[in-house]
Amino acid sequence: MKDFPTNKLKGLTTPFYFYNIDLLRETLNVVKQESEKYENFYVHYAVKANANPRILSIIAANGFGADCVSGGEIKAAIKAGFSPDKIVYAGVGKADWEINLGLDAGIFCFNVESAAELEIINELAAAKGKIASVALRINPEVKVDTHHYITTGLKENKFGINLDKLDDVLDMIPKLSNIKLVGLHFHIGSQILDMASFVGLCVRVNDIQQKLYARRIIVDHINVGGGLGIDYSHPEKQPIPDFEDYFAVFDKHLQLSPNQSLHFELGRSMVGQCGSLITKVLYVKEGSVKNFVIVDAGMTDLIRPALYEAYHKIENISSDLAEEKYDVVGPICESSDCFGKEQYLNKTQRNDLIALRSAGAYGEIMASQYNCRQLPKAYFSDELI
Ligand code: LLP
């Protein structure tokens, strides 16, 4: 209960996202401090994790770059104050207008995912008389221990250029006069807590760089994507991920050439723990085999449990009565609209406020209007009266 200003939250219309801005700022400070230990490390915030305008503007004001995956994200990032020359743009399906937007804005680089895309970027850049800076997104074929829906770096995933096609793509580049190859891009997946996965990525990148050196290619930068996980089980115990350890892994295991810079695209680890979804109990329903807490938030507000069977810690922030066991479910007409089965909550009654923790990343941004519901609002700890 102590983590939430329950009295101030009580008067607000539920469900809503509540962001702890002090925690966000502290987290950003740690990311800055730990990445700036290395003079050539640069962090781009992965906008997909949370594009709430206030959150974006706080991150932009801290000097981070942005990692975007759509024209909409590029617009949101620029509007929030991110400098276009710190924007990287990835995605397997960039539409022409999105590429043109990136070219017009003068973004840092396009992370290119196929030979076909490379040709189109070259054409569109030529039409504008511009040179597009590109990094090749390579599918590193590194397996990580995470949910199969959020692995990205395997041969069967749609992302990136397969290693066995890399030579063909490199052969194309000298013929494309409006393309400048500036980097290599990788991303192995998300919610990764085992540092050995990142070591595996470093080993693979070193290997690929050797292949490029053999062809006399040295790119300006390496981008290792994002993926650092957070502790969903104990949000209060480790509110800030171990960025020190994370950056140290890359410093230790990745062999950069002199003058090469190293870029990161961190999403979840920067914003995950600062957000909670706050919802009100509508009914406590006694079933014959279990009791249900029915809340006014549903999978439309936070889809991760329904979509990935993801765990979010659930707390009753209105009650300190002894704990009881409940299934916590939403009002949507889908059986998967369940936030947690057999969860221990302080004895719960109608109108209690429930917090679904660690929802700052891939929460608000993935909300939908299914069942004609309204999108959840957002409130910020430093703006509550
Ligand atoms: N870079 C690329 C190329 C990515 O695909 C992603 C995430 C990131 C960076 C940021 O990864 P992060 O640091 O946040 O792990 N909706 C899912 C997660 C999807 C992640 C997609 N890619 C979830 O709720 O768990």
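List of remarks:
- Within this structure, Ile179 fails the test of being among the β-branched types (Val, Ile, Thr), modelled with pLDDT of 95 or more, touching a Ser or Thr at 6+ places or on another chain (Cβ under 9 Å) and within 19 Å of Leu262 (Cβ to Cβ).
- Scanning segment 309-325 for residues that are open to solvent by less than 40 Å² (accessible area, probe 1.4 Å) and farther than 24 Å from Thr13 by Cα gives a single hit, Ala310.
- Total residues in segment 179-194, condition without any contact (Cβ under 8 Å) to a residue 60 or more places away in the chain and either away from the ligand (no atom under 14 Å from the Cβ) or closer than 15 Å to Arg137 by Cβ (or both): 6
- Enumeration of residues in segment 86-99 that are surrounded by fewer than 16 Cβ atoms within 10 Å (Cβ to Cβ) and more than 20 Å from the chain's Cα centre (by Cα): Ala95, Asp96, Trp97
- The number of residues in segment 290-302 that are under 30 Å from Tyr246 (Cα atoms) and away from the ligand (no atom under 16 Å from the Cβ) comes to 0.
- Residue satisfying all of: in segment 31-71; under 17 Å from Phe243 (Cα atoms) and of a type in the set (Asp, Glu); farthest from the ligand (Cβ to nearest atom) among these: Glu39
- Flag not set for Lys158, criterion: among the charged types (D, E, K, R) and away from the ligand (no atom under 16 Å from the Cβ).
- Selection from segment 18-48 of residues that are among the aromatic types (Phe, Trp, Tyr) and either under 26 Å from Lys86 (Cβ atoms) or assigned to a loop (DSSP other than H, G, I, E, B) (or both): Tyr19, Tyr38, Phe41, Tyr42, Tyr45
- Residues of segment 334-361 satisfying the condition of being open to solvent by less than 40 Å² (accessible area, probe 1.4 Å), part of a loop (DSSP other than H, G, I, E, B) and within 16 Å of the ligand (Cβ to nearest atom): Arg357, Ser358, Ala359, Gly360, Ala361
- Some residue of segment 44-67 being open to solvent by less than 10 Å² (accessible area, probe 1.4 Å) and among the hydroxyl-bearing types (Ser, Thr, Tyr): yes
- When Met270, Met299 are checked against the criterion of being of a type in the set (A, V, I, L, M), under 30 Å from Lys37 (Cβ atoms) and either surrounded by 14 or more Cβ atoms within 10 Å (Cβ to Cβ) or touching a Cys at 6+ places or on another chain (Cβ under 9 Å) (or both), a single residue qualifies: Met270.
- Complete set of residues in segment 312-332 that are more than 11 Å from the ligand (Cβ to nearest atom) and assigned to a loop (DSSP other than H, G, I, E, B): Lys313, Ile317, Ser318, Ser319, Asp320, Leu321, Ala322, Gly330, Pro331, Ile332
- Residue selected from segment 264-289 under the condition of a type in the set (D, E, K, R) and more than 9 Å from the ligand (Cβ to nearest atom), by the criterion nearest to Ala77 (Cα to Cα): Lys280
Yes/no per residue for (1) in contact (Cβ under 8 Å) with a residue 60 or more places away in the chain; (2) open to solvent by 40 Å² or more (accessible area, probe 1.4 Å):
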site: Val203; (1), (2): no, yes
site: Arg216; (1), (2): no, yes
site: Ile222; (1), (2): no, no
site: Gly226; (1), (2): yes, no
site: Lys237; (1), (2): no, yes
site: Lys252; (1), (2): no, yes
site: Cys274; (1), (2): yes, no
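The values are calculated or read from the model by the stated rules, or taken from the named source; none is laboratory data. Computed from a prediction, not measured in an experiment: that's the story for all the values here. Cβ atoms come from the backbone with ideal geometry, glycine included; neighbour counts cover every protein chain shown. What goes into the accessible areas is simple: the full protein's heavy atoms, side chains included, and nothing from ligands, DNA or RNA. Shrake-Rupley method; radii C 1.70, N 1.55, O 1.52, S 1.80 Å.
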